[in-house]
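Worksheet: one structure, shown below.
The values are calculated or read from the model by the stated rules, or taken from the named source; none is laboratory data. None of the values given here were measured: they were computed from a predicted structure. Reconstructed Cβ throughout: ideal geometry from the backbone, glycine too, with neighbour counts over all protein chains shown. Surface accessibility is based on the protein's heavy atoms, side chains included, excluding ligands, DNA and RNA. Shrake-Rupley method; radii C 1.70, N 1.55, O 1.52, S 1.80 Å.
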Amino acid sequence: MTSSKPLIRKLVKLFLRVVFGIYYRSIQVKDLNNFPQEGPVLLVANHPNSLVDPAILIHLLPRPVHFGARHGLFAGSLGYILEAFGAIPLYRLQDAPRAKRQNLAAIDRYVELIRDGSVAAIFPEGLSRDDPRIEPIKSGAARIALKAEGKADFTLDLKIVPVGLQFEPRRMFRADAFVRFGMPITVKDLANLHEEAPRKAITELCDRIDRALKQLAFHVESSESVKFIERLAAVYLRRVRVTGLSGVSQTGLRGELLYRMAASLNHYSEVDPWAVSDIEQALEHYEQLRKEASARRRLLEDPPRLLPGPLAIVQACFEAFLGAVPALFGLLTNGIPYFVTRGAARHVIGRYKHPSSFSITHILVGALVFPLSYGLELAWVWRNFSD
């Protein structure tokens, strides 16, 4: 098994390169240069999309990454892949009677990897959630970092690199993925505090990680604000498509706009709540005027696609005629694998009540069903029209 691990890693990375290229419309990576090319690194990331989160980091990062994973995932064929990537089994208290002791051993394993100069990663929220909100940070990442540095008398020069992950639209095929790397967090300055009051040092480091992730991820302090942010982004998206956003391709505009608007809302909610109230009232007034005028959102907010006046009808009919044949061809060739893939993903959600598993189920089922379907279609064409 040991000799086959490099081969498994190469095959998995090749597989991820292919499926991510198909599944995501774009992967927007920001400040990858903040990731150190050498030396011990502890990645801390938010966890919005289940198994996709570690997979996308494995796909992007130039160095091998060791992740923690729920111990139940090591059963079956997935266990071979996790072991090939040096994954560390983690135990939930409700799942294992000796979880506390086993997790202490997992922390020690993290410490060993870091002291060896490797890259280890952890999701400090402790769970995967679909809401755009950073949950309270658990102390595991801080304990690992301080314990590793403490054993080296704080000369290890460990870099804690925060990573913000965002998927927009969430759990959808051909979505945009955003991976933002923050400035490394160092722990050298906590040496004295760790010696005098270890708990305070852990709390301080948790606060630093929490602040960094909230700046990098699509995060709102209140879940009630999500609809407000999404509606506001819809109003301004047309203008942004014209003006653009610095450092963002056209395909990723909506996700980046949501991220920046959420960051602005979080900021002004603290420093100037009256400004937020004014925006809410202005949006409400806009909606009221739109309804009174019986104007559809699409007419006001979507980019114009039709010619003005009576020419719009001619253009629409012409485009419908030209698009009918390729649309029918697309339905015939892609309809079955598309609906099978979507149905399987929805079945998993309905059975296991875990919405964040939608994307990974889409990827795994689609990677099997689409090539199989295309292969059968090509075989049929070859058999009937080869002459």
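If you wrap the tightest convex hull around every Cα atom of region 10-88 and split its volume per residue, you get 114 Å³.
Going by average Cβ neighbours within 10 Å, how do the peptides 292-302, 192-202 rank, with the highest at the top? Intermediate results must be reported in sequence, preceding the final value.
Numbers: 292-302: 10.5, 192-202: 14.5.
Output ranking for 292-302, 192-202: 192-202, 292-302.
Relative contact order of region 20-113, please, whole-number percent, based on alpha carbon pairs below 8 angstrom and at least 6 residues apart. Please list the in-between numbers first.
Details: 50 pairs, mean separation 16.1, N = 94.
Relative contact order for region 20-113 comes out at 17 percent.
Of the beta bridges DSSP finds with both residues in the chain, what % are antiparallel, to the nearest 5? Please report the intermediate quantities before stating the final value.
Working: 7 of 28 bridges.
Counting DSSP beta bridges with both partners in the chain, the antiparallel share is about 25 percent.
Normalised by the number of residues in the chain, the mean separation of alpha-carbon contacts (under 8 Å, six or more apart) gives a relative contact order of 18 percent. At 1.4 Å probe size, with the rest of the protein present, what percent of the exposed accessible area of region 67-167 is carbon and sulfur atoms? Heavy-atom surface of region 67-167 belonging to carbon and sulfur, 1.4 Å probe: 51 percent. So which of 13/100; 10/147; 159/214; 30/214 end up more than 27 Å apart, counting from Cα to Cα? Among 13/100; 10/147; 159/214; 30/214, the Cα-Cα distance tops 27 Å for 13/100; 10/147.
Accessible area per residue for the chain is 58 Å², calculated with a 1.4 Å probe on protein heavy atoms, without ligands, DNA or RNA. In region 224-355, the portion of solvent-accessible area held by carbon and sulfur atoms comes to 63 percent [1.4 Å probe, whole percent, DNA, RNA and ligands not counted].
Taken along its three principal axes, the alpha carbon spread of region 139-196 comes to 50, 19, 15 Å, from the longest extent down to the shortest. Averaged over residues, the count of other Cβ atoms within 10 Å places the peptides 130-142, 234-246 in the sequence 130-142, 234-246, highest first. Shown is the FRET efficiency for residue 384 and residue 172, computed with R0 = 35 Å from the Cβ-Cβ distance and rounded to the nearest 0.05: 0.50. From the P(r) of region 49-179, could you give the percentage of C-alpha pairs in the tail past 18 Å? Value for region 49-179 (Cα pairs over 18 Å): 59 percent.
Farthest toward the positive end of the dipole of region 119-206, out of 154, 187, 165, is the Cα of 165, where the dipole comes from beta carbon charges about the Cα centre.
How big is the charge dipole of region 98-211 about its Cα centre, in debye rounded to the nearest 20, if each Lys and Arg gets +1 on its Cβ and each Asp and Glu gets -1 on its Cβ?
Dipole about the Cα centre, nearest 20: 440 debye.
Dipole of region 262-339 computed with +1 at Lys/Arg Cβ and -1 at Asp/Glu Cβ about the Cα centre; of 276, 299, 324, farthest Cα towards the positive end is 324.
Based on Cβ point charges of +1 for Lys and Arg and -1 for Asp and Glu, what charge dipole magnitude is obtained for region 248-344 about its Cα centre, in debye rounded to the nearest 20? Display every interim value, and only then the final one.
Working: 9 positive and 11 negative charges, 119 e Å.
I would put it at about 580 debye.
Which value, in debye to the nearest 20, describes the size of the charge dipole of the chain about its Cα centre when Lys and Arg Cβ atoms bear +1, Asp and Glu Cβ atoms bear -1, and nothing else is charged? Provide the component values of the computation, followed by the final result.
Values: 50 positive and 39 negative charges, 212 e Å.
The dipole of the chain has a size of about 1020 debye.
Selection among 62, 45, 33 by position relative to the dipole of region 1-74 gives 62 as farthest towards the positive end (Cβ unit charges, Cα centre).
For region 217-357, what class follows from the C-alpha gyration tensor (a ≥ b ≥ c being the square roots of its eigenvalues): rounded when a/c is under 1.5, otherwise prolate if a/b is larger than b/c, else oblate?
Working: a/c = 2.17, a/b = 1.25, b/c = 1.74.
It comes out oblate by the Cα gyration axes.
Volume per residue for region 323-387 equals 89 cubic angstrom (convex hull of Cα atoms). Normalised by 2.2 N^0.38 Å, where N is the number of residues, the C-alpha radius of gyration of the chain stands at 1.15.
Give me P(r) over region 1-54, computed from all C-alpha to C-alpha distances, binned every 5 Å, as integer percentages. Reading the bins upward from 0: 4, 13, 14, 22, 27, 16, 5, 1. Once the mean of 1/r is taken over each pair of separate Cα atoms and inverted, region 160-227 shows a Kirkwood hydrodynamic radius of 14.1 Å.
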